[in-house]
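Heads up, the thing below is written out as structure tokens.
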Amino acid sequence: MASEAERIQAPLEYPEHDELSNEGTLISEDTTTDYITGREIKNSPKECVRQRIVRALFHEYGFSIENMETDFPIPVEVSGKTRRKKAEIAIFDYGSEHTLENLRRVVICRPEPKNGKKGVAKLRDHEQAAKDLEELKEFMTAVPSCQFGLWTNGIDFFFLRKEITRFSLDFEPRADWPLAEESQGSRSVVSDARLRRADPEMLRTAFRRCHNFIHGNEGMPKDAAFWQFLYLIFAKMHDVFTFTLLSL
């Protein structure tokens, strides 16, 4: 039987998906391939962000393509009236019908922001993005079964978890989402930690976010930001290498 350390390090088992048919690549300047349906769709700055997130949900979080849908209509209450608004990405229970009752997570995608005076887009926190997050909270409030939400413009990533108590409805800011339930396997061990296979595009986004924070938010010059980022990479490599040795 595998040891605890071996189970923690075991790579995530991902759902199957035909990479050749749904590349999500740019066909022309005006069209791209939808990663979920494989159909040719109109390209736009917002669509670029959405396709990038869909790939990450499949590759990094383990969600099956069949359990996701784009532009899913959700009835929300606006100024006392019910309107149908579309969520860029809706995620449903594994193997279930795509209905409001089976909706578990929702994603709002927006175009990437323009660079500021320093040539980068500053990262925001949840308080600074409160106005943008109102729409996400509307979706999550309208669907009782929807527990997790994400708002992103490709640079900012705001994760929320809905907490329903006896007297209130709260939205807890989170640093990340839990993995897909269908990809976590057995929960018999104490830790649910797993190695996540990074999607190349999202890995570049992670590097870009680190650089934007060091250079844009902290105000360090580009050369200093480069060295700070390099220190961070080597620290992470040392941490993973040390953990691997201790687990042998």
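The values are calculated or read from the model by the stated rules, or taken from the named source; none is laboratory data. Small disclaimer: the values here were computed from a predicted structure and weren't measured. No Cβ is skipped: glycine too gets one built from the backbone with ideal geometry, and neighbour counts run over all protein chains shown.
Restricting attention to the stretch 34-53, the residues that are of a type outside the set (S, T, N, Q) and not in a helix (DSSP H, G or I) add up to 8. Checking each residue in the stretch 74-98 for being under 15 Å from MET140 (Cα atoms) and of a type in the set (Lys, Arg) picks out ARG83, ARG84, LYS85, LYS86. The requirement of being in a helix (DSSP H, G or I) and at pLDDT 95 or above is fulfilled nowhere in the stretch 145-165; no residue meets it. Taken over the stretch 133-151, residues that are in contact with a Phe, Trp or Tyr (Cβ under 6 Å, 6 or more places away or on another chain) and of a type in the set (D, E, K, R) amount to 1. When we screen ALA224, ALA235, ALA193 for residues that are at pLDDT below 70, farther than 20 Å from ARG105 by Cβ and either in contact with a helix residue (DSSP H, G or I) (Cβ under 9 Å, 6 or more places away or on another chain) or assigned to a helix (DSSP H, G or I) (or both), the only hit is ALA193. Screening ASP176, ASP170, ASP132 for residues that are under 17 Å from ALA121 (Cα atoms), of a type in the set (D, E, K, R) and modelled with pLDDT of 70 or more leaves exactly one candidate, ASP132. Going by the structure shown, is ARG124 part of a loop (DSSP other than H, G, I, E, B) and either under 15 Å from LEU57 (Cα atoms) or not hydroxyl-bearing (Ser, Thr, Tyr) (or both)? Spelling it out, ARG124 is indeed part of a loop (DSSP other than H, G, I, E, B) and either under 15 Å from LEU57 (Cα atoms) or not hydroxyl-bearing (Ser, Thr, Tyr) (or both).
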